[in-house]
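> Below: one structure in structure tokens.
The values are calculated or read from the model by the stated rules, or taken from the named source; none is laboratory data. Quick caveat: nothing in here was measured; it's all calculated off a predicted structure. Note that each Cβ is placed from the backbone with ideal geometry, even for glycine, and that neighbours are counted across all protein chains shown.
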Amino acid sequence: MCRFVLGVALLAVLVLFAVGALADDVCLCGGQKSDKDAPVKSLTTRFTYKAVVPELPAGTKSLDLWLPIPSDSQWQTVRDVQVSSPYPYRITQEQKFGNRMVYVRVTGQGTRDKLEVAVSFIVERKEVRVLGDNGQVNKTCSCSPNCNCHHCQADKTLRQLSLQPETLVPVGGRFLTIATEVTQGKQTKLEKIRALFEHVVATMQYDYKRESPKLGEGDVAFVCDFRKGNCSDLHSYLISLARSLGIPAYLEYGFPIVGIPIPDPLPKEGKIGGYHCWTWVYDEQVGWFPVDASDARRWLDANRPEVKDFLFGNLVLERSAVAVSRGRDIVLNPPQKGKPLNYFIYPYAEADGQSVKVNWELTYQLLP
């Protein structure tokens with residue numbers, strides 16, 4: 001049985017927090033902003049993503065490489081996509097979540113050499129702010145509840161998909177028991193989502209020392225007992241609890257350009273060491289909004305509880321500088337021969353249908 005504690009102190013905290021009441025005047029460099037009417041922040045960044053297949057088994061006849069690239073959304077615009085490849089390539093999109101990728105196939109003589117493919121792109125990213133002061137909602141869609149436009153129909157499909165179990169993310173069972181206990185007495189769906197968020201932050205630890213033998217896998221049954229992990233682990237647990245209550249939720253992967261706390265000034269360029277991810281949840285009154293329980297835990301560890309609160313309904317721009325993909329159990333386009341990918345944020349390659357090692361490097365440059 002998964003071990004968790006929801007103590008009296010936490011219950012008191014939940015009572016004190018007005019649901020969705022977040023600090024629009026949070027300053028990540030210390031102190032607080034004095035101008036509450038300040039415009040929403042944005043970043044314009046050029047990313048360069050390189051994938052290298054260093055070696056292949058002797059006798060390889062074909063090599064397939066998929067390199068993830070971001071898509072446009074309400075929060076970001078992707079432009080000036082440039083691909084450098086010694087072989088023909090295609091930009092494709094998988095069907096389940098709509099994730100995009102550069103696809104390269106090599107046959108014959110080319111399979112004897114090291115393969116290196118690079119893609120660069122510019123991302124204009126707005127700070128994601130859905131919930132503001134006093135629970136106000138920054139509306140993201142003006143459509144009516146019964147709208148049948150393409151956007152709303154696609155959204156309905158995403159909501160249905162975001163209620164289903166995944167290979168490592170179960171729904172129901174003991175996770176329904178936990179979610180029901182955590183949200184006891186909460187009336188609205190938004191109150192329940194807030195209670196789940198606070199529960200994950202209070203009972204899970206961020207694995208700074210990388211001690212978990214399943215770090216990053218998002219294996220909810222394991223994480224529930226181990227009570228420690230990275231962003232993928234903590235958010236998968238949160239998603240399992242939410243879906244068990246019938247609340248749509250999905251995982252989105254992207255890249256930060258800095259760590260925690262945010263340096264001031266921001267480095268104008270640098271090398272990115274790994275991904276970051278966050279959860280999107282759905283409430284009928286609010287629509288889709290993000291929660292970042294993993295970084296909330298980290299900001300709490302850094303003695304910045306006001307940023308933790310901000311991350312219920314909003315994202316820190318520098319920690320979500322680009323969103324690249326979403327979801328688990330991904331079948332690429334064209335489909336890989338191996339099993340569905342647990343997530344798709346790093347390059348993936350197969351030699352004659354067998355997974356092979358891919359080295360990657362991601363750099364960024366802030367633009368004016």
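> Output yes when any residue across segment 33-56 is at pLDDT 95 or above, over 30 Å from Val220 (Cβ atoms), surrounded by 12 or more Cβ atoms within 10 Å (Cβ to Cβ) and of a type in the set (Phe, Trp, Tyr), and no when none is.
Yes, segment 33-56 contains at least one residue that is at pLDDT 95 or above, over 30 Å from Val220 (Cβ atoms), surrounded by 12 or more Cβ atoms within 10 Å (Cβ to Cβ) and of a type in the set (Phe, Trp, Tyr).
> Sticking with this structure for a sec: Just need a number here: residues in segment 171-209 that are basic (Lys, Arg), touching a residue at least 40 places away in the same chain (Cβ under 8 Å) and either outside the structural domain of Gln160 (by TED's automatic domain parsing) or surrounded by fewer than 19 Cβ atoms within 10 Å (Cβ to Cβ) (or both).
The qualifying residues number 1.
> Being surrounded by fewer than 22 Cβ atoms within 10 Å (Cβ to Cβ) and touching a Ser or Thr at 6+ places or on another chain (Cβ under 9 Å): is that true of Val291 here?
Answer is no for this residue.
> Out of Gly216, Gly246, I need the residue that is more than 22 Å from Leu163 (Cβ to Cβ) and surrounded by fewer than 23 Cβ atoms within 10 Å (Cβ to Cβ). Which one?
None of the other options fit; the residue is Gly216.
> A follow-up question, please. Assess whether Arg100 counts as being basic (Lys, Arg) and touching a Phe, Trp or Tyr at 6+ places or on another chain (Cβ under 7 Å).
The answer is no for Arg100.
> Going through segment 169-186 one residue at a time, which ones are part of a loop (DSSP other than H, G, I, E, B) and not polar (S, T, N, Q)?
Pro170, Val171, Gly172, Gly173, Gly185, Lys186
> Confirm whether Val258 is within 23 Å of Arg46 (Cα to Cα) and of a type in the set (A, V, I, L, M).
Criteria met by Val258.
> Could you check Gln365 against (1) closer than 20 Å to Val81 by Cβ; (2) in contact with a helix residue (DSSP H, G or I) (Cβ under 9 Å, 6 or more places away or on another chain) and say which number it fails?
The single condition Gln365 does not satisfy is (2).
> With (1) at pLDDT 95 or above; (2) closer than 26 Å to Phe47 by Cβ; (3) more than 14 Å from the chain's Cα centre (by Cα) as the list, and Val322 as the residue in question, which single condition is left unmet?
(3)
> Where in segment 300-368 are there strands (runs of 3 or more DSSP E), lying wholly inside it, with at least 2 residues that are in contact (Cβ under 8 Å) with a residue 60 or more places away in the chain, closer than 30 Å to Pro261 by Cβ and not assigned by TED's automatic domain parsing to the domain that holds Trp278?
322-326, 359-366
> Looking only at segment 228-267, count how many residues are within 17 Å of the chain's Cα centre (by Cα), among the small types (Gly, Ala, Ser) and part of a loop (DSSP other than H, G, I, E, B).
1
> Checking Gly98 against (1) of a type outside the set (Val, Ile, Thr); (2) under 20 Å from the mean Cα position of the chain (by Cα); (3) modelled with pLDDT under 95: exactly one of these is not met. Which one?
The failed condition is (3).
> I'd like to verify a number: residues in segment 210-228 that are on the phi < 0 side of the Ramachandran plot and free of Cβ contacts under 8 Å to residues at least 40 places away in the same chain, how many?
9
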